[in-house]
1. Among the listed residues Lys90, Lys79, which satisfies the condition of being farther than 28 Å from Glu410 by Cβ and surrounded by fewer than 24 Cβ atoms within 10 Å (Cβ to Cβ)?
2. From the list Ala63, Ala30, Ala75, which one is modelled with pLDDT under 75 and either in the same structural domain as Asp350 (by TED's automatic domain parsing) or among the aliphatic types (A, V, I, L, M) (or both)?
3. Being of a type in the set (A, V, I, L, M, F, W, C) and not in a loop (DSSP other than H, G, I, E, B) is the filter here, so list the residues in segment 49-100 that pass it.
4. What's the number of the condition Lys239 fails, among (1) at pLDDT below 65; (2) assigned to a helix (DSSP H, G or I); (3) not β-branched (Val, Ile, Thr)?
5. Quick check: anything in segment 284-293 surrounded by fewer than 19 Cβ atoms within 10 Å (Cβ to Cβ) and either under 26 Å from Phe136 (Cβ atoms) or at pLDDT 95 or above (or both)?
6. Given the criteria under 24 Å from Leu103 (Cβ atoms) and not aromatic (Phe, Trp, Tyr), does Leu260 qualify?
7. Look at segment 33-50 and say how many of its residues are modelled with pLDDT of 95 or more and among the polar types (S, T, N, Q).
Amino acid sequence: MKNRRQFLRSTSALITLPALESIGFKAFAATKIATPPKRLVFLGFGWGVTNETWFPDVKKTGAVWELPEGLKPLARHQKDITVVQGCTNKFTNEAHWGSTFWLTGANRYAEPGQSFHNSISADQVAASQLGKDTRFASIQLNTPDVANSGHGPGLSMAWDVRGKPMAGLENPVTAFHRLFSNETTPLNERQAMLAQKRSVLDAVLEDAKRMQTGLTKTDTDKLDEYFQSIRDIEVRLGKDEQWLSVPKSKPPVSEPKPGLAGKEEIQVMYDLIVAALQTDSTRVITYRQPVGTLLQSLALKVAPHDMSHYSPGDRMAASQKRDATQSELLAGLIDKLKATKEADGTSLFDHVALAYGSNIRTIHYLDNCPTLLTGGAANLKLGQHLVLPKDTPLANVWLTMLHGIGVEAERHGDSTGVVKELIV
């Protein structure tokens with residue numbers, strides 16, 4: 001037992017030192033030895049978009065395209081965004097699950113005898129590499145209004161290597177304190193608590209190992225999954241130990257007011273996204289956005305599910321207002337990313353790859369997932385409207401982004417390859 005703990009300690013000691021702005025990152029950047037790191041952000045929403053007014057004209061592609069009404073608030077950033085049409089998660093069959101499989105491309109029925117299966121999400125593939133040098137390997141932002149926002153199962157948009165849901169931070173206040181509030185418990189007490197967790201983990205692992213003999217294949221598979229969960233906990237404990245005595249970054253934004261919902265919630269969450277990336281607290285972020293409370297904040301009295309079944313009239317007008325507001329908020333986020341300067345004088349926007357969209361096109365249609373890409377980190381061809389062959393795996397786009405930020409995954413989900421038209 002003692003040797004095992006010594007091994008874990010020695011392993012964690014070998015982890016590369018984090019890029020702390022006070023003692024390393026800014027100094028390196030100032031001397032141009034280091035360049036700003038790459039970051040990855042996914043923003044997802046449920047219930048889709050207004051089909052008639054969100055998608056650009058399929059006859060106008062490449063750099064010669066016009067922003068449709070639903071994307072007009074993004075006009076000042078048109079040369080820095082790319083809209084991709086034609087993508088689908090081919091195994092998706094739930095019309096009310098706007099984000100469950102959006103970043104995974106998984107087959108729900110891939111496990112015999114089970115009615116639900118998921119796999120690792122694209123953000124977590126990136127976090128396994130980009131998250132090594134930051135306090136938080138990834139941050140998952142969520143909304144308490146999941147049921148009315150058409151997202152489906154999950155605790156956030158992130159799913160771990162075992163296809164298990166990862167918890168999200170459900171409001172701006174919680175997210176702010178997670179990112180920027182330092183622990184009040186004395187260091188020696190926190191060290192003791194971590195040591196106790198290590199001890200308990202060791203004991204549980206020994207008990208599990210004694211159960212290995214004489215198991216059926218099903219039980220062996222379950223035990224393997226259990227061992228993987230133990231390994232995941234070990235990684236988290238190692239991360240906690242690595243940052244135990246390092247104070248959190250000072251927040252570049254004020255603490256949010258409690259009770260924010262709808263449009264205000266999204267605005268403040270976007271501010272926190274910029275702050276988290278700016279302070280290098282994390283390099284991978286997902287945000288499962290609200291829809292129901294967004295409609296309420298816009299004084300739209302249509303129920304979000306009813307809105308998705310629109311026809312010309314009040315429901316369609318509500319859907320179009322939702323699209324325009326979401327685009328307005330996204331434009332504001334891009335403004336902030338461009339205005340935030342890195343230590344080397346470039347903008348944060350230049351070092352972020354951002355995807356925005358949904359697993360649902362409109363109503364209950366699951367083909368042609370709305371997909372918008374921006375940011376300079378992945379070296380994508382921006383400023384274009386791209387129409388891919390019908391039912392191109394959406395995972396091909398995620399694979400292309402992963403490669404663009406330096407994560408050389410062989411494949412992702414149901415991908416069949418990268419999207420060459422996106423590569424500079």
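1. Just a single option satisfies the conditions, and that option is Lys79.
2. None of the other options fit; the residue is Ala30.
3. Hits for segment 49-100 are Trp54, Leu71, Leu74, Ala75, Ile81, Val83, Val84, Cys87.
4. (1)
5. Looking through segment 284-293, none of the residues is surrounded by fewer than 19 Cβ atoms within 10 Å (Cβ to Cβ) and either under 26 Å from Phe136 (Cβ atoms) or at pLDDT 95 or above (or both).
6. In short, no.
7. The number of residues fulfilling the criteria is 1.
The values are calculated or read from the model by the stated rules, or taken from the named source; none is laboratory data. Being a predicted model, the structure only gives us computed values, none of them experimental. Quick reminder, even Gly has a Cβ in these numbers, built from the backbone with ideal geometry, and neighbours come from all protein chains shown.
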